[in-house]
Amino acid sequence: MSGFDIRAMAQAARAASQVLARATGETKNAALRAMAAGLLDSRERILAANAEDVAVARAEAHPSAFVDRLTLTPPRLEAMARGLRQIADLPDPVGEITGMWRRPNGLQVGRMRVPLGVIGIVYESRPNVTADAAGLCLKSSNAAILRGGREALRTNAAIGGILAAAVGSVGLPEASLAVVPTPDRAVVKEMLLLSDLIDLIIPRGGEELIRTVREGSRIPVIAHDKGLCHTYVDAGADLNMAAEIAYNAKVERPGVCNAMETLLIHAEVAEAFLPGVVARLRQAGVEVRGCPRTRALVPGVQPATEADWDTEYLDLVLSIRVVDSFEEAVAHIARHGSGLAEAIVTADHGRAMRFLREVDAGAVFVNASTRFTDGYEFGMGAEMGISTQKLHARGPMGLAELTCQKFIVLGAGQIRDSLA
């Protein structure tokens, strides 16, 4: 046991959240800009801590995709700082009135956005989440308790300390954002029981982490579940466009949740499309696994098993299936997709609109790469994660998704008739 007192951390966060709820937008934006400056001013310290974490991960023989997600570079650190500044530039959701209407008795009724309170984030391997989550929570006036994985313990501790000090420099409580300093899993189990202090848990990571959090939490959970994304190349599609989209979706950064894991091709274009695109993917180091029809068209493709259609590789591995119809492609996605992001490449407007209506996912694309499934790419600033469930947020979670709404009622002395 670590002996770490997670309840005390949560109590401090609860007190800080009450201060944040009253903070002005100007103060929060000043904190965010101070946080961005702090990351860059302390880049050597952060990169040194990260180098230690990466060295341990390599010594433990973690997969290359895992090491990539863990690794910080100067450009990635600059992107983290840029993300915080972009959050500062976004409209403050807190206090926004989303609608007012007048009742026959003269009452004005509306809704106002308010913070959730204290948000716990449990995540793995990607230290940029520490900055993104801290920034989004601060802007939406929520206190954050951040518990990263043991593999990024040194990096997260360095980032968290720098960000907390920046928050304190503008007069807000440093407890507004806290990084759990121990990898002890017992601390997470205890944290998930603190329903009197924490309002929401957001897990980001693999299936085991998501399942553990969901099963052990007494607090509402919004899950950033696995991303098993498909790209479907329709009959009559622009095959050059399709090849570029498929290559980007698989190769540009294969270790992330919005990368393509399965490519579906209509039988009418499979013979013209597959040999060239598979050759290009192989040149990039992609291992291709295919259905029997794919293997008949492209020599040397490994056979895809039934398990492959349900596997999030997070690596340079791709499953390919030839289908006979639009309906068969949509049915495959419905059976095997994770609900994160799906794409169609088509020249047929009617089928494009059907795909948007019929495919059930947080983000659905027509003639674009699933790699765009990202809060920044959608113009939302940095994201907390990508929700694959439907309550209360779905898809990339930005500032609005970190608030809830309360009713506000403006009157002029109205009282309710007891007979009404």
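The values are calculated or read from the model by the stated rules, or taken from the named source; none is laboratory data. All values derive from a computational prediction rather than experimental measurement. Using ideal geometry, Cβ is built from the backbone for each residue, glycine included, and neighbour counts are taken over all protein chains shown.
If you go through the stretch 133-157 and pick out every residue that is in a helix (DSSP H, G or I) and surrounded by 24 or more Cβ atoms within 10 Å (Cβ to Cβ), you end up with 10. In the condition set (1) at pLDDT 95 or above; (2) under 20 Å from the mean Cα position of the chain (by Cα), residue 37 is compliant with all but (2). Checking each residue in the stretch 167-179 for being part of a loop (DSSP other than H, G, I, E, B) and closer than 17 Å to residue 144 by Cβ picks out 170, 172, 173. Check the stretch 365-372 and report whether any residue there is of a type in the set (Phe, Trp, Tyr), at pLDDT 95 or above and surrounded by fewer than 18 Cβ atoms within 10 Å (Cβ to Cβ). Yes, that holds for at least one residue.
Evaluated against (1) at pLDDT below 95; (2) buried (at least 20 other Cβ atoms within 10 Å of the Cβ), residue 259 falls short on exactly one condition, (1). Evaluating residue 24 against the criteria (1) among the polar types (S, T, N, Q); (2) touching a residue at least 12 places away in the same chain (Cβ under 8 Å); (3) surrounded by fewer than 18 Cβ atoms within 10 Å (Cβ to Cβ) leaves one unmet condition, (2).
Tallying residues that are outside any loop (DSSP other than H, G, I, E, B), touching a Ser or Thr at 6+ places or on another chain (Cβ under 6 Å) and either surrounded by fewer than 23 Cβ atoms within 10 Å (Cβ to Cβ) or free of Cβ contacts under 8 Å to residues at least 40 places away in the same chain (or both) within the stretch 376-411 yields 1. Based on what the data block shows, is residue 346 surrounded by 21 or more Cβ atoms within 10 Å (Cβ to Cβ), hydroxyl-bearing (Ser, Thr, Tyr) and under 30 Å from residue 133 (Cα atoms)? In short, no. Screening 83, 95 for residues that are touching a helix residue (DSSP H, G or I) at 6+ places or on another chain (Cβ under 7 Å) and either more than 26 Å from residue 141 (Cα to Cα) or not polar (S, T, N, Q) (or both) leaves exactly one candidate, 83.
At least 2 residues being among the β-branched types (Val, Ile, Thr) is the threshold, and among the helices (runs of 4 or more DSSP H) wholly inside the stretch 21-129 those reaching it are 43-59.
Scanning the stretch 319-341 for residues that are of a type in the set (Val, Ile, Thr) and part of a strand (DSSP E or B) gives 320, 322, 323.
What are the residues in the stretch 137-146 that are over 21 Å from residue 85 (Cβ atoms) and touching a Pro at 6+ places or on another chain (Cβ under 9 Å), if any?
Matches in the stretch 137-146: 143 only.
Considering only the stretch 284-325, how many residues are closer than 14 Å to residue 267 by Cβ, in contact with a Ser or Thr (Cβ under 9 Å, 6 or more places away or on another chain) and hydrophobic (A, V, I, L, M, F, W, C)? Going through the stretch 284-325 one residue at a time, the tally reaches 3. Annotation note: of 417, 360, the sole residue that is acidic (Asp, Glu), part of a loop (DSSP other than H, G, I, E, B) and modelled with pLDDT of 95 or more is 360.
Where strands (runs of 3 or more DSSP E) fall entirely within the stretch 180-281, those with at least 3 residues that are in contact (Cβ under 8 Å) with a residue 24 or more places away in the chain and more than 19 Å from the chain's Cα centre (by Cα) are at 229-233, 260-266. Quick test of your reading of the structure: residue 324 fulfils all but one of (1) outside the structural domain of residue 277 (by TED's automatic domain parsing); (2) more than 24 Å from residue 255 (Cβ to Cβ); (3) in contact (Cβ under 8 Å) with a residue 12 or more places away in the chain. Name the failing condition by number. Result: residue 324 fails condition (1) only.
Just one of the numbered conditions (1) polar (S, T, N, Q); (2) surrounded by fewer than 21 Cβ atoms within 10 Å (Cβ to Cβ); (3) in contact with a strand residue (DSSP E or B) (Cβ under 6 Å, 6 or more places away or on another chain) is not true of residue 325: (3).
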